[in-house]
Amino acid sequence: MTQYVVLSAILFTIGCVGVLTRRNAIVVFMCVELMLNASNLALVAFAKQHGNLDGQIAAFFVMVVAAAEVVVGLAIIMTIFRTRRSASVDDASLLKY
Amino acid sequence: MTFWLLAPLMVAAAVGILFVRKAVHAALLLAVVMISLAVLYLVLEAPFLFTVQIIVYTGAILMLFLFVVMLVGVDASDSVVETIKGQRIMATVAGLVLGLVLILALSQAAIGTAVGLSDANADGNIQGLANILFSKWVFAFEVTSALLITAALGAMVLAHRERITPREGQAELAARRMRDYAEKGAHLGPLPPPGVFARSNAVDTAALLPDGTAAESSVSRVIAARGTVRSAPADDVEQLEKQIGDPSQRQHASDPEEGR
């Protein structure tokens, strides 16, 4: 069972590094999805570990929230792209000032 | 066994997401990770989540990503310039530290043997999930519906575009063209078609001007931004002359695609 959780930790780390290093907003979003998926794997593994289905329900809810988050996030990326013709996360820094 | 086959594949694909330059490639690598995850769910006795993972993640979410890449990502390549100095290295180090801490903590913890889901899945996985979803977790389930409707509304509001200026009709377009010609001397006629003077007549090959340079305006802006414009090879004429001149290769000369 440990190997599933270790794989989940590795995938989460990769997603984390991706969010920190990539500049393209779409790829940053994909890395967030990767992190959510990694946590789902841990939840499903723990469901089997403890012999009840609560972990699978939690993973199911994570999927629902991820779907809603992707829809809104991609709409925001579309809107930003429409006004400034760029999908780079560095360009959207107007709130800083 | 399935795990040891899929785990290296998944890690390799996930690392690939960090390094590929095009968003489409990242999406495809993410699809590899997600489908492998679905198979792992099957191994972990979660057949319902296996189906949902494939339908919702690879089916719906990745398609949404690809649609947005089609609309946005065409000329949205990743810039290599760092806005914060040393940020990439610091992020990588922080990520490595996080991974090390997680894995060390996991190796310290004694997880023990798995109970297994054969009892919980006795009446079937979907029936078991439905039992607790509609009893123990019913409030969360109801809240989810509010979340989904809010997300759908939010996406509609964000994606909707209000037209502020009146739509430019054909008459205005023609007038603007004439004005540009009068003021800036812009070319009045239509744009040159691609590839008519080059060897190929494909849309991704730029037309050649009389002096042999490529006419950039003859290729669609989208194709140019994607970086898939093909150019006629510089030594094109010499190659062709050599082929025609050599009798042993004469049959190749009739096939212009040969040697590409």
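The values are calculated or read from the model by the stated rules, or taken from the named source; none is laboratory data. Here the structure is a predicted model, which means the values were calculated and not measured. Here the Cβ positions follow ideal geometry from the backbone for every residue, glycine too, while neighbour counts run over all protein chains shown.
In the list B:Val115, B:Val143, B:Val101, which residue meets the criterion of being more than 30 Å from the chain's Cα centre (by Cα) and within 21 Å of B:Tyr41 (Cα to Cα)?
Only one candidate passes the filter, namely B:Val115.
Quick one: which residue in B:Leu117, B:Leu40, B:Leu98, B:Leu44 is over 30 Å from B:Ala151 (Cα atoms), facing chain A (nearest Cβ under 7 Å), at pLDDT 90 or above and surrounded by 18 or more Cβ atoms within 10 Å (Cβ to Cβ)?
B:Leu44
Exactly one of these conditions fails for B:Arg21: (1) facing chain A (nearest Cβ under 10 Å); (2) crowded, with 17+ Cβ neighbours inside 10 Å; (3) in contact (Cβ under 8 Å) with a residue 24 or more places away in the chain. Give me its number.
(2)
For the range A:16-39, give me the residue count where each residue is touching a helix residue (DSSP H, G or I) at 6+ places or on another chain (Cβ under 8 Å) and facing chain B (nearest Cβ under 7 Å).
Result for the range A:16-39: 14.
Could you tell me which of the residues B:Leu129, B:Leu102, B:Leu147, B:Leu96 is outside any loop (DSSP other than H, G, I, E, B), touching a residue at least 24 places away in the same chain (Cβ under 8 Å) and under 29 Å from A:Leu11 (Cα atoms)?
From the options B:Leu129, B:Leu102, B:Leu147, B:Leu96, the qualifying one is B:Leu129.
Can we say B:Ala182 is exposed (fewer than 12 other Cβ atoms within 10 Å of the Cβ) and either in contact (Cβ under 8 Å) with a residue 60 or more places away in the chain or assigned to a helix (DSSP H, G or I) (or both)?
Yes, satisfied.
When you check B:Ala14 against the structure, is it facing another protein chain (nearest Cβ under 9 Å) and either modelled with pLDDT of 95 or more or part of a helix (DSSP H, G or I) (or both), yes or no?
It is true that B:Ala14 is facing another protein chain (nearest Cβ under 9 Å) and either modelled with pLDDT of 95 or more or part of a helix (DSSP H, G or I) (or both).
Just checking, which of A:Ala45, A:Ala92 is aliphatic (A, V, I, L, M) and in a loop (DSSP other than H, G, I, E, B)?
A:Ala92
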